Amino acid sequence: SVLTRSSGTFSPLTEGEQLILECELDTTPTNVQLQINGEKVPEDRVKTEVKDKKIKFTLDNIKLDESGNFTAKVNDEVESKPVSITVNADIPKFVKNLTINKKQFDLGETLNFECTLNKPFNEVVWLKDGQPIEQDEHISFSTDGPKLKLTVKDAQPSDHTGTYSVQVKNVESDKVPVTVTKKVPKFVKDLKPNKTPLTEGEQLILECELDTAPTTVQLQINGEKVPDDRVKTEV
């Protein structure tokens, strides 16, 4: 019989899939080999099984350059009719393109980037301003099947402001610009004394209010810091 595919005879294969070709002879062969475009397929590339008069060729993880006409050569003299095999590239598709919860971040916040592919892929490279980035104490990558995540913890203005994307094989996601800024506190209520003028020996209380909790505060007099042992500071 002629050389045939075991299933999906007319449909193209996608790279990475398995190709099985089968045929049957009228007598048991002494030797068989699989050819592509007239050239022998290397023995380490194909698994050949001969059971009596039946021959089965299996190619795992089919490659793009293995599109072509396959033939079975028997006893170094007889060739089957060719079987045309088309192998298509396994191209990633973004089912959900790259997104982030917001575009403007304050110093120390966490950035969470997410996207979803049509299927899991191994060749994933995260990019910032077009350059590959690696995991460190701030940056971590994770995959959950077709879902990809990039997390940036304790974001810093100089290190983490930029345009982010992810490249899967040779397909790149949308580019997502992010800005990380150091928030400067603003006075909601200006510094005010409890009374003025004072008589020496009296107690001076000065109070103010900010829009964010400060990391450090100090009291100054005429531009000079008031010594810590001279003032009691409460935040």
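A few points about this structure:
- For V83, the test of being more than 19 Å from S158 (Cα to Cα) and in contact with a Pro (Cβ under 9 Å, 6 or more places away or on another chain) is failed.
- For L117, the requirement of being closer than 30 Å to L59 by Cα and in contact (Cβ under 8 Å) with a residue 12 or more places away in the chain is met.
- Scan of region 66-114 for residues that are in contact (Cβ under 8 Å) with a residue 40 or more places away in the chain, more than 20 Å from T179 (Cα to Cα) and basic (K, R), ordered by number: K73, K81, K93
- From the options E49, E17, E22, residue that is surrounded by 11 or more Cβ atoms within 10 Å (Cβ to Cβ), acidic (D, E) and outside any strand (DSSP E or B): E17
- Condition met for G162 (out of contact with any Ser or Thr (no Cβ under 6 Å at 6 or more places or on another chain), farther than 20 Å from K96 by Cβ and loosely packed, with under 15 Cβ neighbours inside 10 Å): no
- When residues of region 94-126 are limited to those that are exposed (fewer than 12 other Cβ atoms within 10 Å of the Cβ) and out of contact with any strand residue (DSSP E or B) (no Cβ under 7 Å at 6 or more places or on another chain), the one modelled with the lowest pLDDT: N122
- Restricting attention to region 85-99, the residues that are assigned to a strand (DSSP E or B) and within 30 Å of S67 (Cβ to Cβ) add up to 5.
- Pairs, first in contact (Cβ under 8 Å) with a residue 40 or more places away in the chain and at negative phi in region 161-184, second assigned to a strand (DSSP E or B) and among the acidic types (D, E), C-beta under 7 Å, six or more apart: S165/E172; T181/D106; K183/D106
- For the criterion of being surrounded by 13 or more Cβ atoms within 10 Å (Cβ to Cβ) and among the small types (G, A, S), G145 fails.
- Tallying residues that are farther than 12 Å from L3 by Cα, of a type outside the set (S, T, Y) and free of Cβ contacts under 8 Å to residues at least 40 places away in the same chain within region 37-65 yields 17.
The values are calculated or read from the model by the stated rules, or taken from the named source; none is laboratory data. This one's a predicted model, so the numbers in the text were calculated from it and none came from an experiment. Backbone-built Cβ (ideal geometry, glycine too); neighbour counts: all protein chains shown.
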